[in-house]
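Step one of this worksheet: look at the structure below.
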Amino acid sequence: MNKSLIALTTLLFLTALPAGAEETNTGTISVSGTGSLSAAPDMAILSAGVESRAKDAKSALADNNDKMAKLMAELKKAGIEEKNIQTSNFNIHPQLVYPDSSTQPRAPEVVGYVVSNRATLRIHDLGSVGTVLTALVNAGANDISGLNFDISNKDELLDEARKEALSDARHKAELYAKQLGTDLSSLQSLSESGGFRSPQPMMMRAAKMEAVDSAVPVAKGEMEITITVNASWFLKDD
């Protein structure tokens with residue numbers, strides 16, 4: 001094939017391209033969008049345990065085991081199933097006393113042992129949270145912390161917030177594009193941040209807790225779901 005025939009074939013190919021293929025993107029618009037909604041929690045997560053002290057580790061462990069068994073029995077009476085109770089921490093350590101070292105340095109003295117056993121509870125009946133807290137104190141729990149509320153199935157709520165966030169971002173981008181006398185083309189990039197926000201956890205911790213007669217008052221409130229997206233679109237070159 002000679003050079004003139006090659007040049008003619010190339011020219012015919014270029015002129016045969018569809019009109020849409022000549023469209024190019026000459027700029028971008030980057031915006032953020034937010035989707036928010038609130039929902040009532042349907043589950044509480046709580047950490048509770050007992051701490052025992054004795055002169056020797058064996059006595060401290062025996063005391064702790066008795067207290068933990070009583071605590072577990074009370075949780076069962078309160079309606080907490082075994083599958084919703086999980087040991088989260090167990091620890092044995094010496095109790096040390098550091099002598100005055102101003103005259104002569106001396107090693108710390110072991111005066112006893114401390115045993116602690118903690119469990120994480122999932123409470124699905126929110127109406128019983130106050131009763132469970134009371135039962136824990138009456139059962140001898142002296143380390144209660146981290147009361148948080150949560151939602152069992154967050155996927156649907158998160159998806160709704162995502163849709164709202166993306167719709168908000170596209171609305172802004174289309175508004176800007178219209179003011180610039182053009183339209184949006186294809187999406188260039190998309191990123192997401194955010195999630196669930198709930199009140200700060202309740203802390204209940206003391207060396208000794210007195211027994212109580214009435215249920216601890218608990219307010220579950222609402223959880224906020226906020227999703228933010230950062231999106232960029234190409235602009236059409238008209």
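A short reminder: the numbers here are calculations on the coordinates, not readings from a lab. This structure is a prediction, so every number in the text was calculated from the model and none was measured. Here Cβ is always computed from backbone atoms with ideal geometry, including for glycine, and neighbour counts include all displayed protein chains.
Structure summary
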quantity	calculated
Candidate lysines for bridging to LYS236, where Cα separation is under 21 Å - those fewer than 8 sequence places away on the same chain excluded	LYS172, LYS178
Ascending count of other beta-carbon atoms within 10 Å, so fewest first, for TYR98, TYR176	TYR98, TYR176
Exposure proxy ranking, count of Cβ atoms within 10 Å, fewest first, for GLU164, GLU82	GLU82, GLU164
Estimated FRET transfer efficiency (ASN153, ASP100; beta-carbon r; R0 45 Å; 0.05)	0.15
Rounded FRET efficiency, nearest 0.05, which uses the C-beta distance separating ASP237 from LEU175 and R0 of 25 Å	0.80
Chain lengthening between VAL110 and SER186 when straightened (0.36 nm per residue, less Cα-Cα)	20.3 nm
Ranking of PHE90, PHE149, PHE234 by count of other Cβ atoms within 10 Å, fewest first	PHE90, PHE234, PHE149
Using a Förster distance of 35 Å, the FRET efficiency for LYS76-ASN230 (Cβ separation, nearest 0.05)	0.10
